[in-house]
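See below for the structure under consideration.
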Amino acid sequence: MADLSELSKIITDSQRVLFGSDIPVEYLSDTLGRKKGEAGALVYAASTEDVSAVLSFADKNLIPVTPRGAGTNLVGSTVPQKGGIIIDLSRMNRVLELDEENLTAWVEPGIRLCDFQKFVEEKGLFYPPDPGEKTASIGGNIATNAGGMRAVKYGVTRNYVMALELVLADGTVITAGGKNRKDTTGLDIKDIVIGSEGTLAVITKCLLKLIAKPEFSRSVLVSFDSLKTGIETVPKLLKASLNPTALEFIERKVIQLGEDFLKLEFPLKNYEACLLLSFDGSESEVKGNIEKLKHVAASLNGGSSVLSLDDTELSASVWKIRGALVKAVEAVSEQEPLDIVVPIARISDFVEFVNQLEKEWGLPMISFGHAGDGNVHLCVVRGKLNDSDWEQKLDEALEKLYGKARELGGLISGEHGLGLSKRKYFFAQADNRNVSLMNAVKSAFDRNRILNGHISYCI
């Protein structure tokens, strides 16, 4: 491997290049901190030119490169390998252009989702993608095609990316896409990159689609005497043309963890599970849909109450609890966070399988997630298991859970990505012909396979 000290000639600001033991330990892992890697250098990029120069150097010298945003990844996609280079993009965090006539914004990849949403909402505009981790970077959201709670109405990150400036592995800079709302002019390069977890190119600018900010929003809780009853209700709610912005399912036991973690109180009592819905649009439209929801819920068995969260502070508390559930579980015990996705009509079957597996194995499994699009978030909890027993039981549990998802027509990941954590299980299920095509795409973008070549579909 080439002498990495040469990077100091490329990035002349010594505070933006760190080597060896000077690299903070958190840069060697993801947000969970359990998978550890190694890196020879960390570069804090400040511009497209920085990224291009570093990648050109790395490609010529066959040095592995790991792009990194806010570091909130849950599956090891930001864990560096083989003593290579980490390119940190968090300092590239500006809004470069807000085009209110075309309803678009050019931003740098390091800008945090929460900061960008706040910026556009102050202008009366709206960026709908809403993954649970609001401090994640926009570039990271694009790299994993993040979904989130509003996906049932608005779709996922992919639906709001109009163009990307990309630096290829050899340092070449290209722009894919533009402000046109329609484009069938050749293959969509940006769509190939979205969701590729940093394996194809490094994103340095993003053109995002905006919409008008909804004038009114309200959330509603519907409680049930069992999670099964609540999940079985979801297709009926979707068929009723309620058009919810979000439709989440949560068990009481996991809500309790969220309450304890945040020191907040959930407004419902005497329930085993609930659906948390939100609606937005005009005030009359929202209130009309809530009334329709009440009529639908009244006709169902097991729907014990419908609570409209009219108080904005109470509503914010409820969503804060929902957004902190993974962290709440992690505060109690080490756990493996999963984001399995199944067809909506099979959510109940999958959750029933999870509950049965939990009883048989005595391994706690906590379910919640996006009922409106079949994305089941599941925490497999370690508890008091020692290292070897935890590793064995977790592996066996993941094989069964991913196997059941496949049986039901589902997938290993809905929004977290594959990373290092799911690599083994991906290859166990993937069609070899599909994997060959993925690797051909990888080679076309990155002939020397220096970009995150240790994760996902890369053999």
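The values are calculated or read from the model by the stated rules, or taken from the named source; none is laboratory data. Note that this is a predicted model, so its numbers are computed, not measured. Virtual Cβ from ideal backbone geometry, glycine too; neighbours counted across all protein chains shown. Please note that ligands, DNA and RNA were not included when accessible areas were found on the heavy atoms of the full protein model with its side chains. Shrake-Rupley method; radii C 1.70, N 1.55, O 1.52, S 1.80 Å.
For this structure, a couple of remarks:
- Computed over protein heavy atoms with a 1.4 Å probe, the accessible surface of region 1-156 works out to 40 Å² per residue.
- Angle of helix 283-298 to the longest C-alpha principal axis of the chain, folded into 0 to 90 degrees and rounded to 10: 60°.
- Point-to-point label distance, Ser443-Ser299, nm (Cα→Cβ direction, 7 Å offset): 5.7
- Only Lys, Arg (+1) and Asp, Glu (-1) charged, at Cβ; region 1-130 dipole about Cα centre in debye: 600
- GluC sites (Glu not before Pro) restricted to region 147-222 and DSSP loop, no more than 12 other C-beta within 10 Å: Glu215
- Angstrom value of the Kirkwood radius, inverse mean 1/r, which spans all Cα pairs in region 332-412: 12.7
- The chain: angle of helix 432-445 to the longest principal axis, Cα-based, in degrees nearest 10: 50
- For the chain, the relative contact order is 15 percent, taking Cα pairs closer than 8 Å that sit 6 or more residues apart in sequence and dividing their mean separation by the residue count.
- D_trans [Stokes-Einstein, Kirkwood Rh over alpha-carbon pairs] for region 187-231, 4 °C, 1.567 mPa s, µm² s⁻¹: 83
- GluC sites (Glu not before Pro) within region 93-143: DSSP coil, no more than 14 neighbouring Cβ in 10 Å: Glu100, Glu101, Glu122
- The lysines whose alpha-carbon is closer than 20 Å to the alpha-carbon of Lys393, local same-chain residues fewer than 8 away aside, are Lys35, Lys359, Lys384, Lys404, Lys422, Lys424.
- Cleavage-rule hits, trypsin sites (Lys or Arg not before Pro), region 381-459, DSSP coil, Cβ neighbours within 10 Å at most 16: Lys384, Arg447
- Volume per residue of the C-alpha convex hull in the chain, rounded to whole Å³: 152
- Backbone N under 13 Å from the Lys82 label point (7 Å along Cα→Cβ), restricted to region 50-64: 58-64
- In plain terms, the chain from Gln15 to Ile174 could stretch by 54.4 nm, reckoned as 0.36 nm per residue minus the Cα-Cα distance.
- Compared with the direct C-alpha span, the chain from Glu215 to Thr184 gains 7.8 nm at full extension, assuming 0.36 nm per residue.
- In the chain, the portion of solvent-accessible area held by carbon and sulfur atoms comes to 49 percent [1.4 Å probe, whole percent, DNA, RNA and ligands not counted].
- For region 9-140, average projected area of the Cα convex hull in nm²: 9.0
- Cα-only Debye scattering, region 347-389: base-10 log of I(q)/I(0) at q = 0.15, 0.23 Å⁻¹: -0.41, -0.79
- A helix-only calculation puts the chain at -10500 deg cm²/dmol for mean residue ellipticity at 222 nm, using -39500 (n - 2.57) for each DSSP H run of at least four residues, averaged over all residues.
- Only Lys, Arg (+1) and Asp, Glu (-1) charged, at Cβ; region 341-428 dipole about Cα centre in debye: 120
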